Amino acid sequence: MLNGFMEKLLAGKWIAGPSVEDAISRGERFRKIGIGAIFNYLGEALTDPKDIEEATGIYLNILDKIEDGDQQFQISIKPTQIGLSVSLDAAKKNLERIVSKANEKKIFTWIDMEESELVDKTIELYRSQISTGNVGLCVQSYLRRTKNDVEELSKEGGIFRLVKGAYTEDEKVAFKTKDEINKNYEDILTFMFENTKMFMVASHDELMIEKAVKLSEEHKKEVWYGMLNGIRNQYLIDLQKRGKKTFSYIPFGQKWIQYSVRRMQEAGHISLLMKSMLHGQKV
Ligand SMILES: Cc1cc2nc3c(=O)[nH]c(=O)nc-3n(C[C@H](O)[C@H](O)[C@H](O)COP(=O)(O)OP(=O)(O)OC[C@H]3O[C@@H](n4cnc5c(N)ncnc54)[C@H](O)[C@@H]3O)c2cc1C
C-alpha cells in the first residue's frame, strides 16, 4: 500500500516509469522545451547472468528507439549492471556491445561512477572505449583521488561528467565536509575548462553551476549542464533559457527504491524534499 503510494509520488517525479517507452516519452517532453535527456536503466550490483544480459539488452533496445544522430538523447550505464560485479572482462564485453551500437547511431554513452572500491576497474572499463571519443565517464569531487584521475584521463582525451558523489565513503578516500567537496569540485571544474575538450557540470548546486557559467564565459567555452529529473527542473529550464546546453538524467525501470532512497538522503531534510516536490516540477 505504502509502496504503491510512494511509487506513484516518486516514480512520477524522479523516475520516468517502468518501461523503455516511458523513458522515451519523458525524454520527448524535455526535448519539446529544448532540454536533452540521459536515460539510465535502474538496477545495480547485478551478479545473475540473466539479469546482466537483460540490462544490457534494455540499453540496446533503447538505442534502437532513438533516431540515428540524435544529439538530444544520451544513455548512462552503471558498470555493475553490465557485469562489473562478476568480472571486468564481462563488463568490457557488454560495454563494447552497447557502445558499438551507440557509435554506429552516433548516440553518446556515459559510464556512471559507483562506490570507491570500483573506481580502478571502472576507469579500466572506460579506457577500453575512450578512444572512440563518444563515451564519457562520471567523476566524483568527494573522492580525494579524482583530480589526479581526471588529469591522467584528460591526456587520453577523456570526456567527463562532474558530480559531487552519491555513496557513503570512508574519510580515508573521501572528503567529508561540504566545503572540501565544493572546493574540490571548483578546482576540478577549473582544470576541466583549461584542459579538456568537453564535459558536463552535473549538479543542482547554484554555487557550482554559477561558477561554471562564469568560467564558461571567461574561457569562451560551452559545456553541458545536467540535473537529475525532478530535483530542480525549473532551474534546468532557466539555464536552457539562458542559452546553456542542458540535459535531464532520467532513470526508468522497476528498481526504483534504491535510487529514491539515495535522493531522499541527499535532500537530508524534509523541507528540502518538499522543495524538490514543488520545484522539481514535472516535465
Ligand atoms: C546528471 C547527474 C548524474 C549523476 N550521476 C552520478 C553518478 O554516476 N555517480 C554518483 O555517485 N552520483 C551521481 N550523481 C549524483 C551526485 O553525485 C549527487 O549525489 C547529487 O547530484 C547531489 O549533489 P549536488 O551537486 O546537487 O549538490 P548538493 O550539495 O547535494 O545539493 C545542492 C543543492 O541542490 C538541491 N538538492 C540536491 N539534492 C536534492 C534533492 N534530492 N532534493 C531536493 N533538493 C536537492 C538543494 O537545494 C541543495 O542545497 C549525478 C547527478 C547528476 C545531476
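Structure values in brief
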| quantity | calculated |
| --- | --- |
| Cα gyration tensor shape for region 33-157, rounded if a/c is under 1.5, else prolate or oblate | oblate |
| Computed [θ] at 222 nm, deg cm²/dmol, the chain (DSSP H ≥ 4; -39,500 (n - 2.57); rounded to nearest 500) | -15500 deg cm²/dmol |
| Environment charge of Phe175, counting only residues whose C-beta is closer than 14 Å and scoring Lys/Arg +1, Asp/Glu -1 | +1 |
| Sequence-distant residues sharing a close amide H with Ile77 (under 5 Å, placed H) | Trp110, Ile111, Asp112 |
| Estimated dipole of the chain in Debye, rounded to 20 [Cβ of Lys and Arg +1, of Asp and Glu -1, Cα centre] | 880 debye |
| Listed residue (Ile52, Asn229, Val99) projecting farthest to the positive dipole end of region 2-279, Cβ model | Asn229 |
| In Hz, Karplus ³J(HN,Hα) per residue of region 18-34 (6.51, -1.76, 1.60; θ = phi - 60°; x = Gly, Pro) | x, 10, 4, 4, 4, 5, 4, 5, 5, x, 5, 5, 5, 4, 4, 9, x |
| Shape of region 149-246, Cα gyration tensor, a/c cut at 1.5 | oblate |
| Chymotrypsin sites (Phe, Trp or Tyr not before Pro) within region 164-227, DSSP loop, no more than 11 other Cβ atoms inside 10 Å | none |
| Cross-link partners of Lys65 among aspartates and glutamates (Cα-Cα below 13 Å; sequence separation of 8 or more within a chain) | Glu21, Asp22, Glu28 |
| Positive dipole terminus of the chain, leading residue within Ser141, Pro251, Ser216 (C-beta point charges) | Ser216 |
| Sparsely packed GluC sites (Glu not before Pro) within region 134-181, loop by DSSP, other Cβ within 10 Å at most 15 | Glu156, Glu171 |
| Residues with amide H under 5 Å from that of Ala37, placed H, sequence gap 5 or more | Phe73, Gln74, Ser248 |
| Taking the chain and dividing mean pair separation by its residue count, relative contact order in percent (alpha carbons under 8 Å, at least six apart) | 23 percent |
| Surrounding net charge for Glu114, when Lys and Arg each add one and Asp and Glu each subtract one, Cβ distance under 13 Å | -3 |
| Those residues of region 25-63 whose amide nitrogen sits under 13 Å from the label point placed on Val261, 7 Å along Cα→Cβ | 44 |
| ³J(HN,Hα), Karplus 6.51/-1.76/1.60, whole Hz, each residue of region 140-152, x for Gly, Pro | 10, 6, 6, 7, 4, 7, 4, 4, 5, 4, 5, 4, 5 |
| Table column - 3J(HN,Hα) (Hz), region 95-108, Karplus curve with 6.51, -1.76, 1.60, x for Gly and Pro | 4, 4, 4, 5, 5, 5, 5, 4, 5, 4, 8, 6, 10, 7 |
| The chain shape via C-alpha gyration tensor axes, a/c threshold 1.5 | rounded |
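Values in this text are rule-based calculations from the coordinates and carry no lab data. Quantities reported herein were computed from a predicted structural model and do not represent experimental measurements. Ideal geometry is used to build each Cβ from the backbone, glycine not excepted, and the neighbour counts take in all protein chains shown.
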